[in-house]
Amino acid sequence: MDQHLSGLALAASLELGHETVQLYSGATHDGVAIAELAPSAMIFIPSRDGRSHCPEEWSDFADVATGIEVLLETVLRVDAAP
């Protein structure tokens, strides 16, 4: 993942007042393919019991909204960058 883009997302989350943890995922997701074309970063939100990519996966709407808020602020920061 692109360090600069990841840093913008981290800064956006912190400045919005959200509890933030940098997570290094071993999963490749689609980010690996995208990273070959353009800078890439991921914003994770909590899932109940840490379950992901399975039928039991569930994230509360408030966490989804927080992820959207961080994504929007990150996009705005990328757009404003020289």
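The values are calculated or read from the model by the stated rules, or taken from the named source; none is laboratory data. Everything numeric in this text was worked out from a predicted model, so none of it was measured. Neighbour counts run over all protein chains shown; Cβ positions are idealised from the backbone, glycine included.
Quick one: is Ser59 in a helix (DSSP H, G or I), at pLDDT 90 or above and out of contact with any Cys (no Cβ under 7 Å at 6 or more places or on another chain)?
No; evaluated as a whole, the condition is false for this residue.
Based on this model, can you work out whether Ile45 counts as in contact with a Gly (Cβ under 8 Å, 6 or more places away or on another chain) and farther than 21 Å from Pro82 by Cα?
When the stated conditions are applied, Ile45 passes them.
Residues of the range 51-74 being of a type in the set (Val, Ile, Thr) and either in contact with a helix residue (DSSP H, G or I) (Cβ under 9 Å, 6 or more places away or on another chain) or at positive phi (or both), which ones? Before the answer, list the steps.
The first filter runs over the range 51-74 and keeps only residues of a type in the set (Val, Ile, Thr), leaving 64, 66, 68, 70, 74.
Passing the criteria: Thr66, Val70, Thr74.
Out of all the residues in the range 28-51, which are farther than 23 Å from Ala11 by Cα and of a type in the set (Gly, Ala, Ser)?
Those that are farther than 23 Å from Ala11 by Cα and of a type in the set (Gly, Ala, Ser): Ala33, Gly50.
One line per residue, one yes/no per condition, for (1) of a type in the set (Phe, Trp, Tyr); (2) surrounded by 10 or more Cβ atoms within 10 Å (Cβ to Cβ); (3) in a loop (DSSP other than H, G, I, E, B); (4) in contact with a helix residue (DSSP H, G or I) (Cβ under 6 Å, 6 or more places away or on another chain):
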| position | (1), (2), (3), (4) |
| --- | --- |
| Leu14 | no, yes, no, no |
| Glu19 | no, no, yes, no |
| Leu23 | no, no, yes, no |
| Gly26 | no, no, yes, no |
| Ala33 | no, yes, no, no |
| Ser40 | no, yes, yes, yes |
| Phe44 | yes, yes, yes, no |
| Asp49 | no, no, no, no |
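For the range 60-76, state whether one or more residues are under 16 Å from Tyr24 (Cα atoms), of a type in the set (Gly, Ala, Ser) and out of contact with any Asp or Glu (no Cβ under 8 Å at 6 or more places or on another chain).
For the range 60-76, residues under 16 Å from Tyr24 (Cα atoms), of a type in the set (Gly, Ala, Ser) and out of contact with any Asp or Glu (no Cβ under 8 Å at 6 or more places or on another chain): absent.
Regarding Phe61, is this residue loosely packed, with under 10 Cβ neighbours inside 10 Å and out of contact with any strand residue (DSSP E or B) (no Cβ under 8 Å at 6 or more places or on another chain)?
Yes.
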